[in-house]
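Scroll down for the structure; my scribbles are underneath it.
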Amino acid sequence: MGVRREPVLTGLIPVIIVLVIINQWVFTSPSLYEECEEAIEQSNRLICTINLEELAIACKTYAHDHDSVFPDTIQTLLDSDYITRQTLVCPNLDEQVANINDSYVYIPGQINDSYYKNILAYEKPNNHNGEGGTVVYIDGNAEFVTPYSEVEKLVKETRQRLPGVKD
């Protein structure tokens, strides 16, 4: 006596019906759609914050291995396996086509003992529709800063504190 099996499609019909109902409900309710988009944007900002914190950790680990000096480029971290390519791409960009320099800007020329408020890296303005951007400080703390002009101000102050920079 064989085991009677339900056709796979029969088991999927209730799931398909639920998905169709959810789809209609989400996309016919503008406020719910906006809330979903806002939640996605918030999660993408969080991912960028984590990415930049990981970049800071990679820089500190590199500095530990190289006489307290941070790398000259992000590519150095990639080539030495201190960080992965995925960490260097904002989730709002297409990871398959994004260049490692499309999402974040790294400020070289710093060391472990640089001023704690120096920006180590920051997001480019279009990552989050120009609303602001995540910055990571030399001490590894990261935050989303608004408006984006404030990010630019923090970066300018950092560059002015670096030796040899005339701004």
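Each reported figure results from applying straightforward, stated rules to the coordinates on display, with no laboratory input. Note that the structure is predicted; figures quoted are calculated from it, not measured.
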* Asked: On full extension of the chain, what length is gained from Asp139 through Glu35, given 0.36 nm per residue of separation minus the C-alpha to C-alpha distance?
  -> 34.1 nm
* To do: Would you mind pulling out the separation of the Cα centroids of segment 109-167 and segment 67-81, in Å?
  => 18 Å
